[in-house]
Amino acid sequence: MKKLILAAISVLGLMSIAASSWAADLAGLGNLSGKVTQAKPVGQLTVYALNTDKNVGYQVYVVNGEYRATNMFPGNYEVTLRGTVGQMSWGVTPQMSKTKVEAGKAVKLDFTLKDTNVKPVYGGGLTYEGWTDIPFDEDKPVAVPVAYDKLYPPGRPRELIEGICMGCHTVSFLPYGVPRTHPDGRPTHDKDGWAITVDRMIARKTYMDGKPLTITREDRSELIEYLNTNFGADATPRAVLQERDPSLDTEALAKAQMIEYRLPNSKDFPKRSTHHTTFNPDGTLWTLDRGSNGPGRGPIWINPETAEMEFYPDSGMGEPIIAEWISADIDGSVWYAGLRHFNRQTGKLDIYKQAGPNGGSHIGILTGIFDSHGDMWLTSGGITRWNRRTDTFDRWEIPAYRAGSYGISLDSADRVWIAEAGTDGVGVFDPRIQKYTHFKMIKDEKLAMQIRRVGVDTSDNGWAASWASTGMMNSKLFRANPETQKVDEWKIPIEYTNPYDVAGDPFGSVWIATDNHVVKFDPKTQKFTLYPATTRTDIPRLLINKEGAVYFEPRNGGQSGGYGAAVTVLYTDKDKITTLKAVADPKSAFSRHFACKDCKPVLPEGKVKYVDLSTPKNAGAYDKVLVEMGLKARANPKAGVKTGVEGIQ
């Protein structure tokens with residue numbers, strides 16, 4: 001594939017650094033600080049400094065009227081004082097000043113907040129306004145924030161919506177009502193359209209005991225009337241008003257800093273967004289430009305020490321690129337998107353396809369991760385393993401009702417943890433004994449349940465969070481102990497949130513990726529600490545390095561907010577940054593294969609490789625579960641499993 005160099009920036013030599021009570025910046029970098037005054041309190045403020053030469057942003061939090069950013073690349077900056085995403089202060093009018101940061105120098109820049117009016121804002125991590133990711137489409141209307149009880153008048157229809165629709169859709173999905181790419185848009189409906197939609201959606205749902213979802217004729221009639229009255233074809237586009245702020249720890253925020261490597265939209269690539277990043281053995285990064293339904297999907301290589309970036313557009317060559325995951329191999333080559341393997345050094349790309357007529361078919365992989373032997377485990381309608389030594393594949397069905405395979409992680413024993421997506425929990429597959437164990441996590445929901453990703457901590461406990469809940473007001477964090485089978489739970493202290501991923505750090509804490517925040521949870525103190533992101537967004541994946549820095553990407557900020565692509569790094573203590581390298585932890589699930597001593601690289605050859613994943617090693621295991629539940633076996637086992645949440649991202 002053709003390489004496009006996005007930036008080539010060298011870190012400057014060491015210069016004298018002014019005396020300070022804080023830790024010195026890394027060689028060749030500078031810092032920025034200042035005071036912030038305001039006529040009256042407006043809530044939590046942030047300062048975002050964008051290096052316009054290198055497209056690297058720095059976010060810090062204003063605490064006690066002061067802010068400070070460290071380890072900044074030299075160059076020209078646009079420095080913006082603004083509110084905080086996830087807080088009502090996001091409605092503050094931003095104000096910007098320009099300055100220049102030099103290597104080894106400390107720059108002072110004070111602000112006085114001119115406009116203390118705080119406009120109403122809507123909650124959640126999806127964007128309901130303006131920019132559109134649909135090519136050649138017009139800008140979309142800005143949603144009017146409206147209180148939840150006004151948008152959803154109490155009654156039986158609201159109960160049905162909260163318990164059924166919000167198992168997949170966010171609280172502002174129905175009231176915005178503007179055609180837009182999933183998940184923050186939908187077709188407009190009149191009463192007949194709502195009737196068709198209600199019948200279609202209810203027909204897809206079943207309970208965990210296998211019984212189909214049914215509602216009474218009266219419920220159906222009232223629900224259709226309610227939807228048409230409140231969310232009909234002529235309704236004003238609205239979103240749920242944020243009426244309360246989640247609690248923030250200002251002591252933690254005063255220490256924290258985010259550094260963001262940004263890939264702005266451009267004329268040639270106008271729809272950038274990113275989903276996930278992965279560590280290379282040399283401390284560089286890979287991420288994947290999702291293209292947001294426009295041109296430009298493909299892997300991006302980033303050197304965080306220099307902000308050098310290289311983009312490798314991938315046309316797809318006739319098949320879709322599923323831009324949900326990317327994983328670096330031991331040699332710095334990268335696997336991604338359906339199943340593709342790319343070598344940056346040679347430019348060669350291998351594409352794996354399911355063998356069959358007419359050139360075979362696309363393999364839809366949602367996540368991939370390497371074990372300690374260097375083999376790769378994948379989620380694709382079950383559990384799939386790629387064998388490094390033979391370049392072959394094995395697949396297993398998941399013997400759990402309604403289980404789809406979505407997120408995946410590994411513990412220190414190479415047991416495979418699976419987020420089942422359509423069930424009330426997660427599963428663990430032990431390949432040594434070919435045993436699968438389901439952990440029931442969600443106990444107080446009948447239909448509004450969805451676990452999309454799973455993580456593992458330093459003690460081999462599995463962690464997950466419920467993306468969906470009744471009214472999106474009951475999202476929880478879960479821990480499963482594979483030895484005792486015990487499951488613990490904690491409510492996540494954010495309203496209208498959709499937690500996506502959970503990941504363990506090297507120090508025993510776990511982190512949650514959710515709307516507008518990355519959240520630290522300390523199992524010992526059972527304390528949640530919230531770190532607001534740089535823009536309104538959902539956050540689908542987390543990656544944590546050896547020093548505990550947390551890497552994430554503002555997916556919806558790019559897809560529907562026009563933010564472009566970005567890789568964001570949270571440092572919880574800006575004075576303890578020892579390197580900007582993405583130093584992988586070989587003990588973690590993210591990069592355990594880097595320590596494999598007998599692993600050899602598999603070099604892409606620049607060709608299509610045909611494989612057969614049609615016959616699982618445990619064929620019939622899922623149908624056996626159906627029969628034991630008193631249900632019918634599938635007429636076509638190759639058709640896969642119906643989870644009730646098809647189409648999630």
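So the values come out like this:
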{"quantity": "So Asp414, is it under 30 Å from Met449 (Cα atoms) and not in a strand (DSSP E or B)", "calculated": "yes"}
{"quantity": "Residue in the stretch 200-210 that is assigned to a loop (DSSP other than H, G, I, E, B), out of contact with any helix residue (DSSP H, G or I) (no Cβ under 7 Å at 6 or more places or on another chain), surrounded by 15 or more Cβ atoms within 10 Å (Cβ to Cβ) and modelled with pLDDT of 95 or more present", "calculated": "no"}
{"quantity": "Selection from the stretch 563-585 of residues that are out of contact with any strand residue (DSSP E or B) (no Cβ under 8 Å at 6 or more places or on another chain) and either basic (Lys, Arg) or free of Cβ contacts under 8 Å to residues at least 24 places away in the same chain (or both)", "calculated": "Lys576, Lys581"}
{"quantity": "Residue in the stretch 299-314 that is open to solvent by 10 Å² or more (accessible area, probe 1.4 Å) and on the phi > 0 side of the Ramachandran plot present", "calculated": "no"}
{"quantity": "Subset of the stretch 550-563 (residues that are surrounded by fewer than 24 Cβ atoms within 10 Å (Cβ to Cβ) and under 23 Å from Pro586 (Cα atoms))", "calculated": "Val550"}
{"quantity": "Those residues of the stretch 524-535 which are open to solvent by 10 Å² or more (accessible area, probe 1.4 Å) and either among the hydrophobic types (A, V, I, L, M, F, W, C) or in contact with a Gly (Cβ under 7 Å, 6 or more places away or on another chain) (or both), in sequence order", "calculated": "Phe528, Thr535"}
{"quantity": "One residue from Ile5, Ile9, Ile17 being at pLDDT below 95, loosely packed, with under 15 Cβ neighbours inside 10 Å, over 30 Å from Thr514 (Cα atoms) and β-branched (Val, Ile, Thr)", "calculated": "Ile5"}
{"quantity": "Any chance Ser409 is under 13 Å from Ala589 (Cα atoms), assigned to a strand (DSSP E or B) and not aromatic (Phe, Trp, Tyr)", "calculated": "yes"}
{"quantity": "Residue count, the stretch 565-578 (criterion: over 15 Å from the mean Cα position of the chain (by Cα) and buried (at least 23 other Cβ atoms within 10 Å of the Cβ))", "calculated": "0"}
{"quantity": "Per-region count, the stretch 135-168, residues farther than 19 Å from Ala448 by Cα and part of a loop (DSSP other than H, G, I, E, B)", "calculated": "10"}
{"quantity": "Residues within the stretch 442-495 that are of a type in the set (Lys, Arg) and part of a strand (DSSP E or B), tallied", "calculated": "3"}
{"quantity": "Selected residue (criterion: most open to solvent (accessible area, probe 1.4 Å)) from residues of the stretch 360-373 that are in a loop (DSSP other than H, G, I, E, B) and in contact (Cβ under 8 Å) with a residue 60 or more places away in the chain", "calculated": "His373"}
{"quantity": "Positions within the stretch 315-341 being assigned to a loop (DSSP other than H, G, I, E, B), surrounded by 21 or more Cβ atoms within 10 Å (Cβ to Cβ) and of a type in the set (D, E, K, R), in sequence order", "calculated": "Glu324, Asp329"}
{"quantity": "Of residues in the stretch 459-505 being of a type in the set (Phe, Trp, Tyr) and open to solvent by 10 Å² or more (accessible area, probe 1.4 Å), the one modelled with the highest pLDDT", "calculated": "Trp490"}
{"quantity": "Spans of strands (runs of 3 or more DSSP E) in the stretch 496-596 with at least 3 residues closer than 30 Å to Val240 by Cα", "calculated": "501-504, 510-514, 517-522, 527-532, 550-552, 565-571"}
{"quantity": "Test for Val171: is it outside any helix (DSSP H, G or I) and among the hydrophobic types (A, V, I, L, M, F, W, C)", "calculated": "yes"}
{"quantity": "Whichever residue in the stretch 374-406 is among the hydroxyl-bearing types (Ser, Thr, Tyr) and buried (at least 19 other Cβ atoms within 10 Å of the Cβ) and, among such residues, is modelled with the lowest pLDDT", "calculated": "Ser380"}
{"quantity": "First in the stretch 92-111 and more than 12 Å from Ala49 (Cβ to Cβ) and open to solvent by 90 Å² or more (accessible area, probe 1.4 Å), second anywhere and assigned to a strand (DSSP E or B) and among the small types (Gly, Ala, Ser), Cβ under 6 Å, 6 or more apart", "calculated": "Lys108/Gly34; Asp110/Gly34"}
{"quantity": "One residue from Arg344, Arg272 being touching an Asp or Glu at 6+ places or on another chain (Cβ under 9 Å), among the basic types (Lys, Arg) and buried (at least 24 other Cβ atoms within 10 Å of the Cβ)", "calculated": "Arg272"}
{"quantity": "When residues of the stretch 211-253 are limited to those that are polar (S, T, N, Q) and not in a loop (DSSP other than H, G, I, E, B), the one surrounded by the fewest Cβ atoms within 10 Å (Cβ to Cβ)", "calculated": "Thr250"}
{"quantity": "Meets criteria (more than 20 Å from the chain's Cα centre (by Cα) and modelled with pLDDT under 95) for Pro431", "calculated": "no"}
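The values are calculated or read from the model by the stated rules, or taken from the named source; none is laboratory data. For clarity, every value in this text was computed on a predicted model and none was experimentally measured. With ideal geometry, Cβ positions are generated from the backbone for all residues, glycine too; neighbour counts draw on all protein chains shown. Note: areas computed on protein heavy atoms with side chains; ligands, DNA, RNA excluded. Shrake-Rupley method; radii C 1.70, N 1.55, O 1.52, S 1.80 Å.
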